[in-house]
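Student: One structure, as structure tokens, below. Some questions next.
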Amino acid sequence: MGFVDSETAGKARYAAYVAEQASARAATRAMASPLVRAIPPAVLALMQENHDADELEKQLAACAVQAEQLGNTRYFHGRPPTRQECAEVVETDRCGKPVTRAMQLGKQKHVLALQCAEQVLKALWPAPFSIEQRYRYYPNARMVETVSRKEEARLIAEGCTEELRGTLKPDLVLHGDRNLLKAALTLDFKFPCPDSNRPQWTRYGRSSPYADDLQGSVYEKALGGKALLISPAKGVSPQ
């Protein structure tokens, strides 16, 4: 057995200490981060090799902040809209329902955020993902199916159709493998207006097949995995 001098032994102990501390920091981040906790172990292992898991959360949150700033700049010279401005009715939709400034801004900010998120996911998510994919969910049968872009466009073009009632359209569905009917993680951007409001899941109304249930809860039942919100103020959070 060869002799190990004190300097070499000291370096080995220090290297072991550094590795232990790095592992502890990673574990702490995973405990603190709802996104990292929600990623399946097999996918997380691939991402942790390049430290992509932490970066994914950071960059998706940055997409929300950027979209918020760009959206506010367009209409309010960079300042956030007031509660009164958010409630202002700016137009009516094709069904004759009023569209508030909050709804209009939210839609435009979603477009910006999803463009940003697509680039982030291409760089950092090591498995397939879907953006604004619409699904039909049959709770009693515990079955879900996709609605093609072509069919969705046809139904929307037909106007106030009931055929889209009860369908689900999450912003981002991150898959753990090539099964595109299952989610490892479902993410929705939320842009509260005014920004002092808390980001939260929509609660379905009485006329919905999911009456009184929360949007995130229905996503989880339909697609599996965890559903999380992304907002400018809170980043990635359960609600």
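Quick note: the coordinates plus some simple rules give every number you see, no bench work behind them. Keep in mind that this is a model prediction, so the values were computed, not measured. Glycine gets a Cβ as well: all are built from the backbone with ideal geometry, and neighbour counts include every protein chain shown.
Student: Distance from a point 7 Å along Cα→Cβ of residue 45 to each backbone N in region 176-203: keep the residues under 13 Å and list them by number.
Tutor: Counting only backbone N, you get no residues.
Student: In whole Hz, what ³J(HN,Hα) sequence does region 89-96 give by Karplus (6.51, -1.76, 1.60; θ = phi - 60°), x for Gly and Pro?
Tutor: Once θ is set to phi - 60°, the couplings for region 89-96 become 7, 9, 6, 10, 7, 5, 9, x Hz.
Student: Let me ask you something else. Which trypsin sites (Lys or Arg not before Pro) in region 129-176 sit in a loop by DSSP (not H, G, I, E or B) and have at most 11 other Cβ atoms within 10 Å of their own Cβ?
Tutor: 142, 165
Student: Kindly state, to the nearest 0.05, the FRET efficiency for residue 79 paired with residue 198, given R0 = 30 Å and r defined as their beta-carbon distance.
Tutor: 0.90
Student: Another question about this same structure. Spin-label point model (7 Å from Cα, Cβ direction): what's the residue 97 to residue 65 distance in nm?
Tutor: 3.3 nm
Student: Determine the alpha carbon to alpha carbon distance for each of 182/226; 169/190; 169/221; 190/234; 169/234 and list only those over 19 Å. The partial results should precede the final answer.
Tutor: Values: 182/226 11 Å; 169/190 14 Å; 169/221 14 Å; 190/234 10 Å; 169/234 22 Å.
As for pairs spanning more than 19 Å Cα to Cα, those are 169/234.
Student: What ³J(HN,Hα) values, in whole Hz, does the Karplus curve 6.51 cos²θ - 1.76 cosθ + 1.60 give for region 223-230 when θ = phi - 60°, with x put for Gly and Pro?
Tutor: For region 223-230, the Karplus curve yields 10, x, x, 9, 10, 10, 9, 10 Hz.
Student: A further question on this structure: Amide H to amide H under 5 Å from residue 147: which residues, 5+ apart in sequence or cross-chain, H placed 1.01 Å off N in plane?
Tutor: Hits under the 5 Å cutoff: 134, 135, 136.
Student: Provide the FRET efficiency to the nearest 0.05 for the residue 180-residue 55 pair, computing r from the beta carbons and using R0 = 22 Å. Intermediate values should be presented prior to the final figure.
Tutor: Numbers: r = 24 Å, r/R0 = 1.11.
Result of the calculation: an efficiency of 0.35.
Student: Given a Förster distance of 22 angstrom, what is the FRET efficiency for residue 213 paired with residue 234, based on the Cβ-Cβ distance and rounded to 0.05?
Tutor: Numbers: r = 22 Å, r/R0 = 1.01.
With R0 = 22 Å, the Cβ-Cβ based efficiency is 0.50.
Student: Loop only per DSSP, at most 16 neighbouring Cβ atoms within 10 Å: give me the chymotrypsin sites (Phe, Trp or Tyr not before Pro) in region 127-162, ordered by residue number.
Tutor: Working: sites: 129, 135, 137; in loops: none.
Counting only loop positions with at most 16 other Cβ atoms within 10 Å, none of the chymotrypsin sites (Phe, Trp or Tyr not before Pro) in region 127-162 qualifies.
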